[in-house]
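To keep things clear, I will list the structure first and then write my remarks on it.
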Amino acid sequence: MIDWFNYNQGFVMAILTAVYVGATILICIFNNKSSKASLEQLKEMQRSQEQNVRIQLFEKRHELYNILNSWNHISKRAFSKTMLTATGDILHPKKAFMEIMFDETEFKTIESTETICGSTGDYLRMLNDRLQHFNTIKPKDEEHTRTLEQAKNHFEYRIYKISECLNRTKNERTRLEFAKHIYSDISFDKLYSFADAFSNTVSLVSDQNIRALEEAHKNFEETKILEKMEKYLKL
């Protein structure tokens, strides 16, 4: 047997080499399959993690999307030139914005038709002062009591309506700061420019703020921020 191996070394080496090569090929094949399986498993884990992140952030993303979507609709309606007065005239964007937000086209003093040029806060303080004034009046008779109650109810409703709108807008603007932490691939400069312009206009409905809002809203729509945010809401 030893002599046979000595005389057939080349043949034996060829067989051993063939076996080695075959084993190496099999090892490569199995390693490749194992690598592909590991890669698929890694991809699946990544998809699962991304899905979990989407689920965890869905509520916050949906909240911020709803805020911007609401502000977008309000701005679009204010600048659409479709809101009409009782006489059929088209409302100026400033008056249209106030009608949507506060149910009145301009802030006026109680005693006259003079328009208040101050902030929404100034108007609220004026309404509060008037309410306090009516609270100090002692009714003369039953009819006077009803008149006073109607006046106080009117002021209380206006104060609630306007202050609720003002406070809600301020709170929503604060919450929008989270957008940069839970979204990507969005023009945040345009988003925050629109958010600031809207919030500023609610606080002070001036011609200057209305013009700034119109420009910021135009840029906001052109960058399709809401459409990009909608993609993040798909689970």
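The values are calculated or read from the model by the stated rules, or taken from the named source; none is laboratory data. Bear in mind the structure is a predicted one, so any value in this text is a computation, not a measurement. Positions of Cβ are backbone-derived with ideal geometry, glycine not excepted, and every protein chain shown enters the neighbour counts. Keep in mind that these areas ignore ligands, DNA and RNA; they rest on the heavy atoms of the full protein, side chains included. Shrake-Rupley method; radii C 1.70, N 1.55, O 1.52, S 1.80 Å.
One table, with the values for the structure above:
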read-out	value
The stretch 127-201 shape via C-alpha gyration tensor axes, a/c threshold 1.5	prolate
Accessible solvent surface per residue of the stretch 158-235, calculated while the other protein chains remain in place, 1.4 angstrom probe, Å²	53
Additional length obtainable on full extension of the chain from T82 to Q150, 0.36 nm per residue less Cα span	21.1 nm
Net length gained if the chain between E214 and E230 were fully extended (0.36 nm per residue, minus Cα distance)	3.5 nm
Assigned charges on the beta-carbon of Lys, Arg, Asp, Glu; the stretch 101-193 dipole about Cα centre (debye)	300
Cα→Cβ-extended label distance, 7 Å offset, between Q132 and D185, nm	5.5
Hits among lysines - C-alpha to C-alpha of K218 under 29 Å, sequence gap 8 or more where chains match	K60, K76, K81, K94, K95, K161, K170, K180, K190, K228, K231, K234
Listed peptides 201-208, 81-88 by packing density, highest first (mean Cβ within 10 Å)	201-208, 81-88
Carbon/sulfur fraction of accessible area - the stretch 119-233, other protein chains in place, 1.4 Å, %	47
Net charge of Cβ neighbours under 9 Å - reference A197; Lys, Arg +1; Asp, Glu -1	-3
E222-E106 FRET efficiency (beta carbon distance; Förster radius 22 Å; 0.05 resolution)	0.15
